[in-house]
Structure formats: structure tokens, C-alpha cells
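Engineer: Would you mind keeping the following structure in view while I ask a few things?
The values are calculated or read from the model by the stated rules, or taken from the named source; none is laboratory data. These figures come from a predicted structure and were not determined experimentally. For neighbour counting, all protein chains shown are included, and Cβ atoms are generated from backbone atoms with ideal geometry for every residue, glycine included. Keep in mind that these areas ignore ligands, DNA and RNA; they rest on the heavy atoms of the full protein, side chains included. Shrake-Rupley method; radii C 1.70, N 1.55, O 1.52, S 1.80 Å.
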Amino acid sequence: RLAEKEPPPQIPQTPESPVRPDDIAVIIANSNYKKLGKDIPNVTPAYADAEGIKRYFMNAKGVREGNIIYLKDATGTQMMSVFGTKDDHKGKLFNWTKPNVSKVYVYYAGHGAPAGDKGTTYLVPSDTDNETVQLTAYPLKQLYSNLGKIPATSITIILEACFSGQ
């Protein structure tokens with residue numbers, strides 16, 4: 001008797017949501033650190049995870065595809081452009097948000113890291129140098145501070161990152 005083959009795994013279906021034309025999502029999938037970074041291993045599942053969350057934001061949350069800022073292997077400059085800097089919080093996400101109307105979703109898949117002597121944590125752009133993370137990565141504290149200045153009705157942040165270091 002031949003063993004029965006198992007059917008292929010099914011992709012979970014999300015209920016369709018009405019389109020919310022003013023909602024914004026940022027999706028960052030940092031997988032390839034070998035190309036631009038220095039001494040940082042790749043994050044293999046980041047691209048697939050980002051594609052899944054993009055489908056979720058569009059289907060279940062109603063975010064229009066044109067309202068998704070989608071970055072693969074974001075550099076530090078790209079992250080500053082989207083989220084702003086210490087001196088100017090008005091990055092692309094701030095500018096795209098319709099005050100008191102938009103909901104904002106932020107998803108990051110990639111490395112996180114502790115660095116420096118103050119216990120600071122960072123999101124690690126694809127061009128970060130492992131020896132100078134505190135100078136070349138994006139401070140998590142800065143992300144939270146700048147997101148807090150966005151006049152959205154709600155902000156949801158999903159971080160798929162480990163902050164344990166090596």
C-alpha cells in the first residue's frame with residue numbers, strides 16, 4: 001500500500017477589508033547584509049516575511065498598495081528618509097500621513113543590535129558596519145520618538161528583530 005501524499009501547506013486566508021485610502025504602511029525587509037554591510041550575517045526569511053505582511057496589510061487592513069513604502073535592504077539613508085532624523089522628524093512617513101485620519105503600520109524584518117555603553121538598541125540597515133553600529137545604525141529610541149510625532153489615529157509597530165547582539 002502506497003503512503004498517501006500530504007497536500008501542500010495552505011497559505012492562511014485573511015478576510016477582505018474595505019479599502020482605507022488614507023492609511024499608510026512601511027515595510028522594511030533587510031535580508032542581504034553581505035552586499036553593503038560589514039561582518040553582518042544575512043537574514044534569510046526577511047523577504048518572504050515582508051511579502052506576507054504586505055498581503056496582510058492590503059487584504060485584512062485595507063491599505064492601498066500605493067500607500068505602502070516598501071524597502072528591501074534599506075540603507076541608513078533610506079531609513080532616515082522614511083522615519084526622519086534626530087533633528088527633523090518629518091520624513092516621508094510623516095508627510096504621507098493625513099492628520100487625524102490615517103492609521104499607520106510599520107513592519108521591520110532584519111537585524112537589531114545593542115551598541116555603545118548606554119545600552120542603546122538599533123535597527124540595523126543593510127549598509128551598517130558591525131564595528132560602528134552606534135554610528136551607522138538607526139536608533140530604536142529615535143524611531144519611537146519620531147513615530148510619536150506623527151498625527152495618525154493609531155500607529156502599529158511590528159519588529160522582527162533580535163536585539164541580543166552576537
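Engineer: Using 1/(1 + (r/R0)^6) with R0 = 41 angstrom and r between the beta carbons of Phe163 and Asn59, what's the FRET efficiency to the nearest 0.05? Present the calculation step by step, with values, prior to reporting the outcome.
Structural biologist: Values: r = 30 Å, r/R0 = 0.73.
Computed FRET efficiency for Phe163 and Asn59: 0.85.
Engineer: Could you tell me the relative contact order of the stretch 85-127? Use alpha-carbon pairs under 8 Å, at least six residues apart, and round to a whole percent.
Structural biologist: Details: 20 pairs, mean separation 9.7, N = 43.
Value for the stretch 85-127: 22 percent.
Engineer: Would you mind calculating the gained length between Asp129 and Ser17 on full extension (0.36 nm times residue separation, minus the Cα-Cα distance), in nm to one decimal?
Structural biologist: 36.2 nm
Engineer: OK, next. Using the crude model of +1 on Lys and Arg Cβ and -1 on Asp and Glu Cβ, and no other charge, please compute the dipole size for the stretch 32-117 relative to its Cα centre, in debye to 20. Walk me through the numbers before you get to the answer.
Structural biologist: Details: 13 positive and 8 negative charges, 73 e Å.
Its charge dipole is roughly 360 debye.
Engineer: Heavy atoms only, 1.4 Å probe, whole protein assembly: order Leu159, Leu71, Leu143 by accessible area, highest first.
Structural biologist: I get Leu159, Leu71, Leu143, largest accessible area first.
Engineer: Name the residues of the stretch 27-67 whose amide N is less than 16 Å from a point 7 angstrom out from the Cα of Lys98 along the C-beta direction?
Structural biologist: Residues passing the 16 Å test: 62-67.
Engineer: Based on DSSP H assignment, which helices of the chain show an axial Cα extent of at least 27 Å together with a mean Kyte-Doolittle hydropathy greater than or equal to 1.0? Display every interim value, and only then the final one.
Structural biologist: Working: long enough: none.
Helices meeting the span and hydropathy rule in the chain: none at all.
Engineer: Another question about this same structure. Set Lys and Arg Cβ to +1 and Asp and Glu Cβ to -1, take the dipole of the stretch 37-165 about its Cα centre, and tell me which of Leu71, Thr120, Asn42 lies farthest positive.
Structural biologist: Going by the charge dipole, the pick is Leu71.
Engineer: Longer than 28 Å from Cα to Cα, which of Lys61/Lys118; Lys61/Lys92; Lys72/Lys118; Lys34/Lys149; Lys72/Lys98; Lys54/Lys90 are they? Say none if no pair is.
Structural biologist: Details: Lys61/Lys118 38 Å; Lys61/Lys92 21 Å; Lys72/Lys118 30 Å; Lys34/Lys149 34 Å; Lys72/Lys98 25 Å; Lys54/Lys90 24 Å.
Over 28 Å apart, Cα to Cα: Lys61/Lys118; Lys72/Lys118; Lys34/Lys149.
Engineer: Note down the magnitude of the dipole of the chain about its Cα centre, charges +1 on Lys and Arg C-beta and -1 on Asp and Glu C-beta and zero elsewhere, to the nearest 20 debye. If you can, show how the numbers build up before the last one.
Structural biologist: Details: 19 positive and 17 negative charges, 77 e Å.
The dipole of the chain has a size of about 380 debye.
Engineer: Counting only helical runs of four or more DSSP H residues, what would the 222 nm mean residue ellipticity of the chain come to if each run contributes -39,500 (n - 2.57) and the total is spread over all its residues? Numbers along the way, then the final one.
Structural biologist: Values: 5 runs with 39 residues, N = 166.
Helices in the chain give a 222 nm mean residue ellipticity of -6000 deg cm²/dmol.
Engineer: Give the Rg (one decimal place) followed by the Dmax (whole number) of the chain, computed from C-alpha coordinates and expressed in Å.
Structural biologist: Over the chain's Cα set, Rg and Dmax evaluate to 17.7, 70 Å.
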